[in-house]
1. Which one of the conditions (1) out of contact with any strand residue (DSSP E or B) (no Cβ under 9 Å at 6 or more places or on another chain); (2) without any contact (Cβ under 8 Å) to a residue 40 or more places away in the chain does Ile125 fail to meet, given that it meets all the rest?
2. How many residues are among the basic types (Lys, Arg) and within 14 Å of Trp170 (Cβ to Cβ) if we restrict to region 30-52?
3. Go through region 83-141 and give me each residue that's closer than 28 Å to Gln167 by Cβ and aromatic (Phe, Trp, Tyr).
4. For region 49-60, how many residues meet the condition of being open to solvent by 10 Å² or more (accessible area, probe 1.4 Å) and either modelled with pLDDT of 95 or more or closer than 15 Å to Tyr28 by Cβ (or both)?
5. Go through region 127-150 and report how many residues are among the hydroxyl-bearing types (Ser, Thr, Tyr) and part of a strand (DSSP E or B).
6. Can you tell me which condition Thr121 does not meet? The list is (1) open to solvent by 20 Å² or more (accessible area, probe 1.4 Å); (2) in a helix (DSSP H, G or I); (3) under 19 Å from Met85 (Cβ atoms), and all the others hold.
7. Quick check: is even one residue across region 131-145 modelled with pLDDT under 85 and open to solvent by less than 30 Å² (accessible area, probe 1.4 Å)?
Amino acid sequence: MQIYYFLYLCPEQTIILAMEIENQSVDYRPLILVAEDDDSNFKLIKAIIGKKCEVQWARNGEEIVSLFLELLIDTAENGRRALDMFEASEPGYYSAILMDIQMPVMNGLDATQRIRREGGTLPIIMQTAYAFSSDRENAMNAGASEVLVKPITLSTLRNCLSSYLPQLVW
């Protein structure tokens, strides 16, 4: 909050008026959990949304601890880890999840189903390298909010996130 002081000089008295003005330029920075096992795909996503979103990418336990301490980035390199991170978080902590479908340990479909069973209502945007209608249908049946086909483009990802997070301005 900023306070501005205005001094009005009148012949008979001096009036000091203080006005408090809310800082309207504070950016909304949603926290996005990226569940992606491929480094280059994560780097692309971070390059596209990293200036306007907090991005969490968990690769292993050690990295997660250090990233959480820095409050910058969480990544899950597999569906099981994405589910664990979601279950350990407070409701509303994550604004959205970008979930790769094909991951080791637990795939994105199984992780999405578990998140939905646990009551997760946040947007889950699935990513796949396959453009088959059956992949999209399986993802939607698992509880995905949206399915994007790789390679992900800047406009596609930003438009998709904006549709679920309307206060996000690029």
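1. (1)
2. Let us first name the residues in region 30-52 that are among the basic types (Lys, Arg), namely 43, 46, 51-52.
Within this subset, residues satisfying the condition of being within 14 Å of Trp170 (Cβ to Cβ) are 51-52.
Summing the residues that are among the basic types (Lys, Arg) and within 14 Å of Trp170 (Cβ to Cβ) in region 30-52 gives 2.
3. Correct list: Phe86, Tyr93, Tyr94.
4. Taking region 49-60 as the starting set, the residues that turn out to be open to solvent by 10 Å² or more (accessible area, probe 1.4 Å) are 50-52, 54, 57, 59-60.
Narrowing further to those that are either modelled with pLDDT of 95 or more or closer than 15 Å to Tyr28 by Cβ (or both): 50-52, 54.
Number of matching residues: 4.
5. Just the residues of region 127-150 that are among the hydroxyl-bearing types (Ser, Thr, Tyr), to begin with: 128, 130, 133-134, 145.
After this cut, where a residue has to be part of a strand (DSSP E or B) as well, the list is 128.
Total satisfying the criteria: 1.
6. For Thr121, the failing item is (2).
7. Step one: filter region 131-145 for residues modelled with pLDDT under 85, giving 131.
Pick out the ones that are also open to solvent by less than 30 Å² (accessible area, probe 1.4 Å) and you get none.
No, the conditions are met nowhere in region 131-145.
For (1) farther than 21 Å from Leu148 by Cβ; (2) at pLDDT below 90; (3) assigned to a strand (DSSP E or B); (4) open to solvent by 50 Å² or more (accessible area, probe 1.4 Å), each residue gets a yes or a no:
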{"position": "Phe42", "(1), (2), (3), (4)": "no, no, no, no"}
{"position": "Val65", "(1), (2), (3), (4)": "yes, yes, no, yes"}
{"position": "Leu69", "(1), (2), (3), (4)": "yes, yes, no, yes"}
{"position": "Pro91", "(1), (2), (3), (4)": "yes, yes, no, yes"}
{"position": "Met99", "(1), (2), (3), (4)": "no, yes, yes, no"}
{"position": "Ala111", "(1), (2), (3), (4)": "no, yes, no, no"}
{"position": "Arg116", "(1), (2), (3), (4)": "no, yes, no, yes"}
{"position": "Ile125", "(1), (2), (3), (4)": "no, no, yes, no"}
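The values are calculated or read from the model by the stated rules, or taken from the named source; none is laboratory data. Predicted model only: the values in this text are computed from it and were never measured. When we count neighbours, we look across all protein chains shown, and the Cβ atoms used for this are built from the backbone with ideal geometry, even at glycine. The protein model used for the area step is the full one, side chains on, heavy atoms only, and it has no ligands, DNA or RNA in it. Shrake-Rupley method; radii C 1.70, N 1.55, O 1.52, S 1.80 Å.
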